[in-house]
There are 6 protein chains.
Amino acid sequence: MIYVTRRVTFSASHRLFNPRLSDKENEELFDKCANRNGHGHNYIMEVTVVGEPQEHTGYVVDLKTLKEILRQEIVDKVDHRHLNEDVDFLKGIIPTAENIAKVFWRILQPKIPDGKLFSIRLHETENNVVEYRGE
Amino acid sequence: MIYVTRRVTFSASHRLFNPRLSDKENEELFDKCANRNGHGHNYIMEVTVVGEPQEHTGYVVDLKTLKEILRQEIVDKVDHRHLNEDVDFLKGIIPTAENIAKVFWRILQPKIPDGKLFSIRLHETENNVVEYRGE
Amino acid sequence: MIYVTRRVTFSASHRLFNPRLSDKENEELFDKCANRNGHGHNYIMEVTVVGEPQEHTGYVVDLKTLKEILRQEIVDKVDHRHLNEDVDFLKGIIPTAENIAKVFWRILQPKIPDGKLFSIRLHETENNVVEYRGE
Amino acid sequence: MIYVTRRVTFSASHRLFNPRLSDKENEELFDKCANRNGHGHNYIMEVTVVGEPQEHTGYVVDLKTLKEILRQEIVDKVDHRHLNEDVDFLKGIIPTAENIAKVFWRILQPKIPDGKLFSIRLHETENNVVEYRGE
Amino acid sequence: MIYVTRRVTFSASHRLFNPRLSDKENEELFDKCANRNGHGHNYIMEVTVVGEPQEHTGYVVDLKTLKEILRQEIVDKVDHRHLNEDVDFLKGIIPTAENIAKVFWRILQPKIPDGKLFSIRLHETENNVVEYRGE
Amino acid sequence: MIYVTRRVTFSASHRLFNPRLSDKENEELFDKCANRNGHGHNYIMEVTVVGEPQEHTGYVVDLKTLKEILRQEIVDKVDHRHLNEDVDFLKGIIPTAENIAKVFWRILQPKIPDGKLFSIRLHETENNVVEYRGE
């Protein structure tokens, strides 16, 4: 069993805001992350797939294929977008790194061509990272 | 003469858009950076001050003081903000890294307490950086 | 279950030295790390908390709160200090990264406000890292 | 139980190529990685050992000793070499990061002086990493 | 005047070898870099263009255009190649970072679409970097 | 003319303290950096040499030789030491990064075997860097 990780990046804006709460409550919960016009990040996503290397290639999964899937399914849809406004699969979700990682898992898990999805790590800043392992 | 650099970070959103041009022209010029709802970055700013170390401290400039100035004059005003909408000193400016760096210079240059401002580097992503030296 | 990690840094000095051994034995065990006047590092600490994101916030734990706890409980007490001399909770302990991580765990584990502590990683240099998971 | 990680680097060239397949099949499988004259990487290897810190040292394993073992057993044999041509223990293996990590494990696992080997991570580029845990 | 830098990466192998010298002399001069079968690196190239931001865009140079030029002129020709064997414009040159940077300058200098080329930095490893400014 | 940079690291402790001032004045000037028992850093030093690549090697300066000089003249003398107490050539100097860089220049400038010394950059933390160019 080998864990294979591919790193990709995207730049997006978002706003942390719970529409069922008042503006004042949102500000108390989310502080400057609740700023009405949003703010943004250079996100780093690390996708880890686990499996046995195949004998004729020595690959668990072809990283060119995985990279292309990450591009089509995720990066093309979130890069240079506003995560609350522009991304269908994030509608109705407070776009914390935690929630985004869980949605990305749900999208990517059935698309992994070889091996199986083990983990999605999402870096929001150089100091804040979340990881979801489907548990 | 010693060049002393302090690095600070902030997370903001922006939209590249020239209001004197049509939507179509903006899209041609700025591509996905013109996305109506904006996108965002973790900016890294490196501010370099040049001068002689003072004899009684060995400092060109006290970095605690410089850090506090950067916080008050820049970071508190741009961090977790939309650069086109929320920042007075960026109003009417296309917020490319180039233009932002020039505005930051104009603000910081008279505030440097010792030595003098030599350079402002602004990293927009891990692949794109600009530097302004007041020339 | 999401793993949320906050990264903080501090700069400290230490000396690896076992007072129950002779100077010669200390030098053999710890080599240049036993230098009488100590040496120092820019430590990086990564604290990982695991839990379910809360529905009304999308957070496992509010990172502003966690950051404040890390500052009060750890960083304010070790930053710009000599770990053998100046830190009450490290008295009588050989301050290897291993031992420091275990002490930090004991201090932080009861203070985590939401979720529970999963791991403490401590980078002593860019080449040396330890991790403690309370096992 | 503490996980202790040592990071080392080496620069090597390789070619991904399965001698039991035709040139055309190799090109389809490995694309530009099959380039006849090879290509290369700055590999980063992170070796993690797990164990209890020893009471008289506070170390799980002396990192100076571990570093020396990594140098003798691995780095001296692969650094500035062609992994397909110059390295005895990689003969007959397609040198993907997955396969290299497994071979490194087999070599290092019996040599760890204290604690036991937990993981080998091998970074091929800043975007591609594999990890093997002996499973 | 703003200095705008774009960072790109490529992975290649090379051999440091002067064909006018004996094998023994080559080994003395280039040590393990003279290894007959070559070795390799993940190169990082930083290309800096200097100029005035254009009024209607706020750009010195459109980084999408610059990135495409770097891809066509350099990256597509050196990535996953053997620099001594596979690259026409490096034929007959000892492929040290110094010499490669000078050749890249000669190729890129006439292709910069706006502003003018100021510097090419080439990182061979995390510890070794060269910079050429056309002087 | 090519600028060639070699990066080395060392871990040391220091105390910022001017013996001609009172304890109270030192604390006001240097704050927590004046801590009596010192603190420490993982310093990163980048040494840049400028010159023409030599025709028979393509090197401005052999980096193996430069690395060995940096080790002998600097790293062996400051690594795992207390900069105020243990280092002859820093005696009587307030060991700010600025002052250290100037002393390193004075030591290294006459030892550069080919090309000439252009710059010494010294990173004290990931946020604080100084550079000296002999001006």
Heavy atoms only, probe 1.4 Å: what % of the accessible area of chain C goes to carbon and sulfur, would you let me know?
45
Teacher prompt: residue E:24 distances to equivalent labels in other copies, 7 Å Cα→Cβ, nm:
4.7, 5.0, 7.5, 7.5, 8.9
Inside 10 Å of the C-beta atoms of C:57-65, what's the mean count of C-beta atoms belonging to other chains?
6
Evaluate peptide E:12-18: per residue, the Cβ atoms of other protein chains within 10 Å of its Cβ; return the mean as an integer.
5
Taking the alpha-carbon centre of each part, the distance from region D:1-66 to region E:84-127 in Å is 29
Once you have a ≥ b ≥ c as the square roots of the Cα gyration tensor eigenvalues for chain D, tell me rounded if a/c is under 1.5, and otherwise prolate or oblate according to whether a/b is larger than b/c.
prolate
The protein assembly as shown: D in µm²/s via Stokes-Einstein (Kirkwood Rh, Cα pairs, 4 °C, 1.567 mPa s)?
46
Rounded to the nearest 5, the percent of antiparallel DSSP beta bridges in region C:2-132 equals 90
Counting heavy atoms of the protein chains only and a 1.4 Å probe, report the per residue accessible area for region C:2-132 as a whole number of Å².
41
Shielded by partner chains, region B:87-135 residues - at least 40 Å² of accessible area, 1.4 Å probe, vs chain alone:
B:98, B:126, B:127, B:128, B:129, B:131, B:133, B:135
What does the charge dipole of the protein assembly as shown about its Cα centre add up to, to the nearest 20 debye, if the Cβ of each Lys and Arg holds +1 and the Cβ of each Asp and Glu holds -1?
0
Residue-averaged beta-carbon neighbours from other chains (10 angstrom radius) around E:49-55
3
Rounded to the nearest 10 Å², the 1.4 Å probe accessible area of residue D:57 is 10
Most mobile listed residue (E:92, E:115, E:40) in chain E, GNM with C-alpha springs under 10 Å
E:92
Tell me: how much accessible area in total is hidden between D and A, 1.4 Å probe, Å², nearest 100?
1800
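The values are calculated or read from the model by the stated rules, or taken from the named source; none is laboratory data. On a predicted model such as this, the values are computed, not experimentally measured, just so you know. Neighbour counts run over all protein chains shown; Cβ positions are idealised from the backbone, glycine included. Note: areas computed on protein heavy atoms with side chains; ligands, DNA, RNA excluded. Shrake-Rupley method; radii C 1.70, N 1.55, O 1.52, S 1.80 Å.
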